[in-house]
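Please read the structure below before turning to the comments.
The values are calculated or read from the model by the stated rules, or taken from the named source; none is laboratory data. Model, not experiment: these values are computed from the prediction. Please note: Cβ atoms are built from the backbone with ideal geometry, for glycine as well, and neighbour counts cover all protein chains shown.
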Amino acid sequence: MFSASHIRDLTPEKDGSLISVTGWVYTKRVHGGVVFVTLRDSTGLIQTTTHSDSVSREDFEKAKNVTRESSVTVKGRVQADSRAPGGVEIQSTSFDVISLAAKDYPIKPGVGKKLLLDNRHLHIRSPKVSAILSIRAVFCDVARRWFEQNGFTEVHCPILITAACEGGATLFPVEYFGRKAFLSQSVQLYQEAAITSLQKVFSIEPSFRAEMSRTRRHLTEFWQIEAEVANATLEDIIRVQEQLLSHICKVISEKCSDRLKELGKRFKAPTPPFPKITYSDAIERLQNLGVKIKWGEDLGADEERALSKEFKLPFFVMYYPKKCKAFYHKPKPDDPKVTLSADLLAPEGYGEIAGGGQRIDDCEELVQNIKEFGLNPNDYEWYIDLRKYGSVAHSGFGLGIERTLQWILKLSHIRECCLFPRTPARVYP
C-alpha cells in the first residue's frame, strides 16, 4: 500500500517504505535505461530513479520525456542513500504526469535579475525563494504568538485613510467615491484609538509609501508589525521591541534550521538588552568616520549603513531632533528640541528596521505640533479627540518585516524578502 508523503517526511528511517509523492520536476538526467528526476514540493527536494526494467514502458517514456516544472506523481520505494539530498531517494515503480510543462521554461541558470523579477510568478518556485517565504511565515506566526502571550490584542486597521501619518509627500492618492483618500503609511493613529479600548494592541498589515527611493532596503509596499501600548513610556516600548525581536530570532534559528541550511545561512539570536546611543552620539560617531552630516539632519540610508557597521548587535538610536520625526512624537521634557523617539538599527550595515517612541498625550500640545508641521488640525479632529477625552501616556513602534528578514538572512536586496516586490520601477507581475 502506497502512502502519500511530503518530501521532508522521507528520511533514512523510512528505508523500504512504499510511498507516493506528488510534486514538480526540478531537474532531469537520462542515462541509458535510467532516468533521474529531482522532484520538489513545498518541503524540499528528493531524487527519484526510474529504471526501464522497473516500470512499464509507458511510464518510462513519460519519465524520459518529462519537462522541467511538469507536475507529476511518483510511486515507489524509499531507499536510504548517503549520497542523495536528505539521505534518501525514491526507486520508482510508477511515474505519472499530471500536467506536462511547456519546453520553453524561461528561468535558466545564469539569467539576470531583471528576467527573474519579470518572471517572479515562476521564480518563486525555486528552493531558495521557497525557503525565504517559509521563514517569513514563521516570522509572522512567532510574532503573533508572542504578542498574544504577552497580553496584546490583534486589531485590523483601515488601509484607506484621509490624513497622513508620516508625511503628505509620500502618500499614494486614491479616488474614493468623488473624494480623495490615500493608502496607509502606518496603522499607528488607529492603534492609538484602539488602546483606549484594548490597552495593548498589535497589527501585521501592509504599508505604502510613495518614496522615489531606489535602494536595496526600500519598497513602496511593505509589511509592518506595529504595536501600541497605553500607560507606557519610551523605555517600556523599547523593552517590548527587544523582547519581541530576540524571541523571533531565537525561534527562527531553532525551528527553521533546515531552511537556513538550504540558504547557506547561520544565524545567532541576539540577547537583550541591546546597545543604546543618543542621536547626538550617532552624529559624532558619523563625523569621526568622515561622514558629512550636521546635527539636526536625519539619518539616511547611507548614514545608517555606516553607523550600523560599527555594531555587532541590533542597537537603538534615541532622542532624534523634533524636525526629524513626525508631529505626534513627544518632546523630551528636559530637552524639548529632541523627542522621546528611538529607531532600532540592525548591525553590520543593514540599518533601520524599526521606529518608535512615546506619543504626545496633551491635547493643546498636539494641536500646536500639528500646526507647526504645516498640517490642518481639522484633518485630525478624531485623533485630537483621543487627547481630549481621557488621554494617557502611550508609546508604540513599527517593525519592518522585510528589512528585518533581510538582516536575519543576510540578503543583498529587500526584494528577496517578499512574494511580489513593489518598487518605484516595478508593479508587475
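Of note:
- Just one of the numbered conditions (1) closer than 30 Å to Trp407 by Cα; (2) modelled with pLDDT under 95; (3) touching a helix residue (DSSP H, G or I) at 6+ places or on another chain (Cβ under 7 Å) is not true of Ala163: (1).
- Residue in the stretch 85-105 that is nearest to the chain's Cα centre (by Cα), counting only those that are under 13 Å from Ile7 (Cα atoms) and either of a type in the set (Gly, Ala, Ser) or surrounded by 20 or more Cβ atoms within 10 Å (Cβ to Cβ) (or both): Gly86
- Residue check, His121 within 28 Å of His413 (Cα to Cα) and in contact (Cβ under 8 Å) with a residue 40 or more places away in the chain: yes
- Elements of type strands (runs of 3 or more DSSP E) contained in the stretch 185-295, each with 1 or more residues being within 18 Å of Asn150 (Cβ to Cβ): 200-208, 221-230
- Screening Tyr190 against (1) under 21 Å from Ala346 (Cβ atoms); (2) buried (at least 21 other Cβ atoms within 10 Å of the Cβ) leaves a single unmet condition, (1).
- Hey, Leu189 hydrophobic (A, V, I, L, M, F, W, C) and touching a Phe, Trp or Tyr at 6+ places or on another chain (Cβ under 8 Å) or not: yes
- Filter result (surrounded by 14 or more Cβ atoms within 10 Å (Cβ to Cβ) and either among the β-branched types (Val, Ile, Thr) or assigned to a helix (DSSP H, G or I) (or both)) within the stretch 354-367: Ile360, Cys363, Leu366, Val367
- Taking the numbered list (1) over 14 Å from Ile225 (Cα atoms); (2) buried (at least 21 other Cβ atoms within 10 Å of the Cβ) in turn, Thr196 passes all entries but (2).
- Among the residues of the stretch 386-429, those that are surrounded by fewer than 21 Cβ atoms within 10 Å (Cβ to Cβ) and of a type in the set (Lys, Arg) comprise Arg387, Lys388, Lys410, Arg422, Arg426.
- Residue check, Asp334 among the acidic types (Asp, Glu), modelled with pLDDT of 95 or more and surrounded by fewer than 17 Cβ atoms within 10 Å (Cβ to Cβ): yes
- The residue that is surrounded by the fewest Cβ atoms within 10 Å (Cβ to Cβ), among those in the stretch 27-59 that are in contact (Cβ under 8 Å) with a residue 60 or more places away in the chain and under 17 Å from Arg83 (Cβ atoms), is Leu45.
- Taking each residue of the stretch 246-258 that is outside the structural domain of Leu409 (by TED's automatic domain parsing) and closer than 13 Å to Ala131 by Cβ and looking for partners that are modelled with pLDDT of 95 or more and β-branched (Val, Ile, Thr) with beta-carbon atoms closer than 8 Å, six or more apart or interchain, yields nothing.
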